[in-house]
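K.L.:
Take this structure, written in structure tokens, and hold onto it; I'll ask about it next.
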Amino acid sequence: MTATLTHTPAELALIDALDGATGWQAQLREATRRDGLPTRRHELWKWSDLRRAANDVTAPGRMTVTGLETPVTDGAHIELGVTASTGASAADASLVIPAGASVTLVERYSAEAAALGNWHLAITLEENARLDRIIIAPDEAAGVFISSAEITLAQGAHLHQRSLDFGGRLSRIETHVTHPGEGALVDLGGVYLLDSDRHADTTTVVHHTGPGGVTQQLVKGAAAAKGHGVFQGKFIVDRAAQQTDARMTHRAMMLDDRAEIDAKPELEIYADDVQCAHGNALGALDETALFYMRQRGIPAPRARALLIESFLAEPLDAIADETLREDLKAQLRTRLEALS
Amino acid sequence: MLNIENLHCQVETQDGEEKPILKGLSLDVPAGEVHAIMGPNGSGKSTLSYVLTGRDGYEVTGGSMTFEGEDLSELEPEERAALGLYLSFQYPVEIPGVPTITFLKEALNAQRTARGEDEVSAPEFMKLIREKAKQLGVSMDMLKRPVNVGFSGGEKKRMEILQALVLEPKFMILDETDSGLDIDALKTVSDGVNALRAPERGMLVITHYQRLLDHITPDVVHIMANGKIVKSGGPELAKELEAEGYDKYLGEAA
Ligand SMILES: Nc1ncnc2c1ncn2[C@@H]1O[C@H](COP(=O)(O)OP(=O)(O)O)[C@@H](O)[C@H]1O
Ligand SMILES: [Mg+2]
């Protein structure tokens, strides 16, 4: 590596903002100092050029996190609000879901204009714990927001994650899961809906380390003209993880020829007795269905919204908490009606 | 009511070529009358139903089509629907994820809003749809399923007529509604259509076979070949076609 990396203003601002940081934030600071922000040249960022997206960031900012005081006990409903102000900022937290406990965690993100927010969560699920993790990333001010999570499950633990991302200047929801098999279950779902000039990136890695694990993943997305959706999904199955049953599906709709959707589903399998599959399909709105609906009197924008909603809603339908499920579906509907 | 004058229409084929299909078609259907159009496969019957209802890719290149004096060619499909134009599709479309009930309520209220009428409340709508479903032998269970998804050919046709009973259009185009129906279903569907016959309502019944016209007696029968009406007459014309086939008209139209 050359020692002559010239930092961008955003990189300098982030390094500055994390002066004296410890733990994950110190690692982020060091990585930024050493390598800069990731660009298209990094395999894991090839469709999400962070350095470029952050080129309007010039000063340190603040990340505010609310809701962390809620005790993590059985039946807890934790609402975290994570807001990145203008400028470069980071925050992190860790949670332990106690053995046998069932916990709902809702994360609501927002990033102001010219923000570069970095949020990291380390979560451990103890034996037979259940976590329902819901992520909502709205796009009002269109800043850059990067969420990353490291989730480790113990035997018998269940993780159900659902994300709803309307994109931002760049929005990335990155999830790394360590799956021990042995009765543990990982269920990852996501929806993205992108208006013009919005970018959303769903990146997940599920690492199966023990036998008999079950993983299911369904990500659905839609992008309007000049919207850019990215899906990177990876299942790693160690040699010890025999009888893993892991299925990944990404399906997306291009609402315009000028939409861009990039997908890379990957399986990396070292065990020989497994059932693993991935599917990826890109399509367009069904023009025949659209005409049928209009022939019945439903105006084109409403018909389009109904068709997109019925396509996208599937991952959200599986949210266990009815209030949350309806909340997310209502947000999706509102956003669809405003789609350009 | 529906007036079509020397209509020419072309479609864009998959390789981007313009293909003329309707070649000077004229037709008048006054309010209160049921007209049948019979013609061989490929004569342009479905094309006529699509150009009347405004499907993308069906371009009017000459002539005119008006409905109650309004030029249809300038209107969006949903505007034509709100005027009261209804097409029972030859191939009804499946819409996964949208329950039939939701779809029909949306459609009815969208049309009412466009006409400046009040929306129908949820209880009123449920009462209406229960009554019409019963009339057509459609279960409420079926209405909760996504539009046409997993329905048999016959069930789809039944649903098309149920939708017409709920929407009460002023003018109905039935495109081969009889295909895929067994005798019992044909009877039920025809009864549904006959229930909609009214002095203020017109109908265009497109069919390939005489058998639908045994149940829905038309006032006028038109024979279509190669994009034109080549002969018109009374109900007896359909019987004559059944006996003699289309061959002699194909020569005339070419
Ligand atoms: N979208 C289209 N692209 C190319 N050809 C078409 C298209 N629609 C109709 N046609 C052609 O136009 C002719 C008339 O078709 P259609 O209206 O479906 O006839 P009918 O309903 O009388 O059987 C046929 O030759 C058909 O292949
Ligand atoms: Mg046809």
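Every read-out reported here was derived from the displayed coordinates using simple, explicitly stated rules and does not represent laboratory data. Small disclaimer: the values here were computed from a predicted structure and weren't measured. As a convention, Cβ positions derive from the backbone with ideal geometry for all residues, glycine included, and neighbour counts pool all protein chains shown.
K.L.:
Going down the list B:Lys105/B:Lys187; A:Lys220/B:Lys156; B:Lys134/B:Lys157; B:Lys156/B:Lys239; A:Lys46/A:Lys234; A:Lys220/B:Lys105, which pairs span over 22 Å between their C-alpha atoms?
P.N.:
Checking Cα-Cα distances, B:Lys105/B:Lys187; A:Lys220/B:Lys156; B:Lys156/B:Lys239; A:Lys220/B:Lys105 exceed 22 Å.
K.L.:
Calculated FRET efficiency, B:Ala195 and A:Thr288, Cβ-Cβ r, R0 22 Å, to nearest 0.05?
P.N.:
So, using R0 = 22 Å, E works out to roughly 0.15.
K.L.:
With unit charges on the beta carbon (Lys/Arg positive, Asp/Glu negative), name the residue among B:Pro123, B:Ser152, A:Ala31 whose Cα is farthest towards the positive pole of the charge dipole of the protein assembly as shown.
P.N.:
The listed residue farthest towards the positive side: A:Ala31.
K.L.:
Further, regarding this structure: How big is D, in µm² s⁻¹, for region B:110-241 by Stokes-Einstein at 25 °C and 0.890 mPa s if Rh is the Kirkwood radius over C-alpha pairs?
P.N.:
Calculated translational D: 150 µm²/s.
K.L.:
By how many nm would the segment from A:Glu127 to A:Arg52 grow when fully extended, if each residue of separation counts as 0.36 nm and the alpha-carbon distance is taken off?
P.N.:
22.8 nm
K.L.:
Sequence gap at least 6, Cα distance under 8 Å: using those rules, report the relative contact order of region B:72-174 to the nearest whole percent.
P.N.:
Computed over region B:72-174, the figure is 49 percent.
K.L.:
If R0 is 35 Å, what FRET efficiency do you get for A:Asp256 and B:Arg211 from their C-beta distance, rounded to 0.05?
P.N.:
That gives a FRET efficiency of 0.15.
K.L.:
222 nm [θ] for chain B, helices only, -39500 (n - 2.57) per DSSP H run of 4+, per residue, to 500?
P.N.:
Calculated mean residue ellipticity at 222 nm is -11500 deg cm²/dmol.
K.L.:
Please give the charge dipole size of region A:206-340, origin at the Cα centre, charges +1 on K and R Cβ atoms and -1 on D and E Cβ atoms. Round to the nearest 20 debye.
P.N.:
The calculated dipole for region A:206-340 is roughly 540 debye.
K.L.:
Kindly rank B:165-172, A:58-65 from highest to lowest mean number of other beta carbons found within 10 Å of each residue.
P.N.:
In decreasing order of mean packing, B:165-172, A:58-65 become B:165-172, A:58-65.
K.L.:
For n ≥ 4 DSSP H runs only, could you compute -39500 (n - 2.57) per run for chain A, divide by its residues and tell me the 222 nm figure to the nearest 500?
P.N.:
Counting only the DSSP helices, I get -6000 deg cm²/dmol.
K.L.:
Place a +1 charge on the Cβ of each Lys and Arg in region B:2-253 and a -1 charge on the Cβ of each Asp and Glu, then give the dipole magnitude about the Cα centre in debye, rounded to the nearest 20.
P.N.:
Computed about the Cα centre, the dipole is about 760 debye.
K.L.:
Could you tell me the relative contact order of chain B? Use alpha-carbon pairs under 8 Å, at least six residues apart, and round to a whole percent.
P.N.:
Over chain B, the number comes to 27 percent.
K.L.:
At 7 Å along Cα-to-Cβ for each site, give me the label-to-label distance between A:Ala281 and A:Ser102 in nm.
P.N.:
Here the modelled spin labels are 3.3 nm apart.
K.L.:
In terms of the Cα gyration tensor, with a ≥ b ≥ c the square roots of its eigenvalues, is region B:2-253 rounded because a/c is under 1.5, prolate because a/b exceeds b/c, or oblate?
P.N.:
Judged from the Cα gyration tensor, region B:2-253 comes out prolate (a/c at least 1.5, a/b above b/c).
K.L.:
Given the options A:Val96, A:Val106, A:Val219, state which has the largest fluctuation in a GNM of chain A using a 10 Å cut-off (strictly under) for Cα springs.
P.N.:
Maximum fluctuation in the GNM of chain A, among the listed residues, is at A:Val96.
K.L.:
So, in nm, how far is label A:Thr73 from label A:Ala31 when the simple model puts each one 7 Å beyond its Cα toward the Cβ?
P.N.:
About 3.6 nm, to one decimal.
K.L.:
7 Å from Cα along Cα→Cβ at both B:Ser64 and B:Ser139: what's the point-to-point distance in nm?
P.N.:
Simple spin-label model gives 5.2 nm for this pair.
K.L.:
For chain A, set up a Gaussian network in which alpha carbons nearer than 10 Å are linked by springs, and say which option among A:Gln161, A:Gln242, A:Gln295 fluctuates the most.
P.N.:
Of A:Gln161, A:Gln242, A:Gln295, the Gaussian network model singles out A:Gln295 as fluctuating most.
K.L.:
Right, another one. Assuming R0 = 60 Å, can you tell me the calculated FRET efficiency for the pair B:Arg112 and A:Thr4, based on Cβ-Cβ distance, to the nearest 0.05?
P.N.:
Working from the Cβ atoms, E equals 0.30.
K.L.:
Would region A:40-285 count as rounded, prolate or oblate if I go by the C-alpha gyration tensor, calling it rounded below 1.5 in a/c and otherwise prolate when a/b exceeds b/c, oblate otherwise?
P.N.:
oblate
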